[in-house]
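Structure first, commentary second.
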Amino acid sequence: MNEEKREENMQSSNIENIRPILDKKDLILSLAAVLLCGCVLSGTIPAAFIGLASAALFAYTVIAVRNTGAVSQILLTAIAASVLTFLPVVGAAVLALMLGTGTLAWLFMILPKYKWAPVGLLAVAYGLGFLVTSNPVSPLLSLAFLPAAALMAWAHARDLGRTSTVLHALLGFIVAVLATLCIILWRAYGSVNYDVLMRFVNEIKDLFVTIGTEAGKILWESVESASTQSSLSAESLEKLRETFAQVFGEANLRVMADTIMGLAPAFITIPALIISYLSNVVLLRKYYNTEWRSHMTPAACSLTISPAAGLIYFVCFLLVMFVSKQSVFLMAIYNMCLILLPGLCLTGVNVILQNARRAGGWIGVASILLLVAAVCCMGFSSFYFVALWGAYATITAALHQKIMQKMKDRDEK
């Protein structure tokens, strides 16, 4: 027993000797970034100073990532969140989630003896948020990226592959969302069960219909005033009124509310998946930009999508295109199609860019211009077809590999 313990101690000491020397400046900067991300999410920073916090996070992104493409992806995602919601604080929160998850996962990996010490910074962020808001619940958002960072670090330490690592981070964000939902239900209704959840969903639908009706009335008043000044004919004005009555009618708003709530799983999963992927980008760039790049394995750096996912997307795409009858089954299919969309779309873009590099010359440039033109002309619909190309490339690559393996096995016989 003593000899076995001695051998284990020698092996552990050898591993410690192999570990790169940690830069204290980089460590302090990473710890400060985690604290800042927690403070942004906990409500510690007032809305008037959220721009300064975003600037600080932007500076950290440039310093920590040090790659033009990766920095652009991260910042464009944060900007898109602000533009779509018309709230700068949402963009800052998304940026904090991406940087906080990737940096905290990196700290978990490089601090073997004190790996849970950075969690204390999130507790500090919660305490500061409680002092500022006097609310014991909302500052808990400072812990929003803790499950994702822990699961991503766990998967990365076991070298499960980049795709699995991203999915582990996604699972962590889903856990955080479910925990937030449970807290909301508990505070609003005093219990958490299926009936309470359905009541909450119905109230959201009613609120959507109410807001839509009031927005329609306000918009119609503006249109009517503008039409009076432009001397619009009575017949055209009546047609416009009928269109407004149809679009902002209660029946149509109810259908829209049911559709939005039916697609809620996709609307939650897609942003969480994008944030998980970019958080993994931050983790890998933190490895690469320090002396830890030797610990990066090929599996941890290569993003792969299974042929099964491509086949499922292809079937779901056909069903969504040709089946028009609304049902629970079709809504589930639509959710699956949207959830698989980001990964396959990224694969499709990578395949197009790789083919453009191989072709070279005007053919390669034409391929890229065709992709840009499709996005500009078709808008969001172009993503479906780019993802379809990614699914096709994934399936054909798997079939080609299987055929080559069979030919190799036959030659060996």
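The values are calculated or read from the model by the stated rules, or taken from the named source; none is laboratory data. Everything numeric here is computed off the predicted structure, so don't read it as measured data. Heads up, the Cβs are rebuilt from the backbone with ideal geometry, glycines too, and the neighbour counts pull from every protein chain shown. All accessible areas refer to the heavy atoms of the entire protein, side chains included, with ligands and DNA or RNA removed. Shrake-Rupley method; radii C 1.70, N 1.55, O 1.52, S 1.80 Å.
When cysteine pairs in the chain are screened for C-beta atoms closer than 4.7 angstrom, the residues that find no partner are Cys37, Cys39, Cys182, Cys301, Cys345, Cys376, Cys377.
Could you point to the label whose value was computed as P(r) over Cα pairs in 10 Å bins from 0, in percent for the structure here, given (i) 4, 18, 24, 21, 16, 11, 4, 1, 0; (ii) 4, 16, 25, 24, 18, 9, 3, 1, 0, 0; (iii) 4, 14, 17, 16, 13, 10, 9, 7, 5, 3, 1, 1, 0, 0? Step by step, P(r) over Cα pairs in 10 Å bins from 0, in percent for this structure corresponds to label (ii). Per-residue accessible area (protein heavy atoms, 1.4 Å probe) orders Phe329, Phe173, Phe130 as Phe329, Phe130, Phe173, starting from the largest. Of the solvent-accessible surface of segment 41-113, computed with a 1.4 Å probe over protein heavy atoms with every protein chain present, carbon and sulfur atoms account for 78 percent. Accessible surface ranking for Ile74, Ile63, 1.4 angstrom probe, highest first: Ile63, Ile74. For segment 196-235, the solvent-accessible area with a 1.4 angstrom probe is 69 square angstrom per residue.
Lysine pair count for the chain (Cα-Cα distance under 28 Å; residues 8 or more apart in sequence or on different chains): 14. Each residue was assigned an accessible area with a 1.4 Å probe, and for His295 the value is about 80 Å². Taking all protein chains together and a 1.4 Å probe, the residues Val65, Val328 rank Val328, Val65 from largest to smallest accessible area. Computed from Cα atoms, the angle from the helix 264-288 axis to the main principal axis of the chain rounds to 30 degrees. When the surface is traced with a 1.4 Å probe over the full set of protein chains, Ile333 keeps roughly 30 Å² accessible.
Overall, the chain carries a charge dipole of about 1080 debye about its Cα centre when +1 sits on the Cβ of Lys and Arg and -1 on the Cβ of Asp and Glu, all other atoms neutral. Kindly write out, for segment 57-70 in residue order, the coupling ³J(HN,Hα) from the Karplus curve 6.51 cos²θ - 1.76 cosθ + 1.60 (θ = phi - 60°), rounded to whole Hz, with x marking Gly and Pro. Per residue, the Karplus-derived 3J(HN,Hα) values read 5, 5, 4, 5, 4, 5, 5, 7, 8, 6, 9, 4, x, 5 Hz. Based on C-alpha pairs under 8 angstrom that are at least 6 apart in sequence, segment 262-356 has a relative contact order of 39 percent.
The solvent-accessible area of Cys301, taken with every protein chain present and a 1.4 Å probe, is close to 50 Å². Helix 234-247 sits at what angle to the longest principal axis of the chain, using alpha carbons and giving 0 to 90 degrees rounded to 10? For helix 234-247, the angle is close to 40 degrees. Using the basic label-point model (7 angstrom from Cα toward the beta carbon), what is the Val365 to Ala55 distance in nanometres? Between Val365 and Ala55, the simple spin-label model gives 4.0 nm. Once you have a ≥ b ≥ c as the square roots of the Cα gyration tensor eigenvalues for segment 183-255, tell me rounded if a/c is under 1.5, and otherwise prolate or oblate according to whether a/b is larger than b/c. Note, shape of segment 183-255 comes out prolate.
Under the criterion of Cα pairs below 8 Å and six or more residues apart, the relative contact order for the chain equals 16 percent.
Once the Cα atoms are used to define both axes, helix 146-157 deviates from the longest principal axis of the chain by about 40 degrees.
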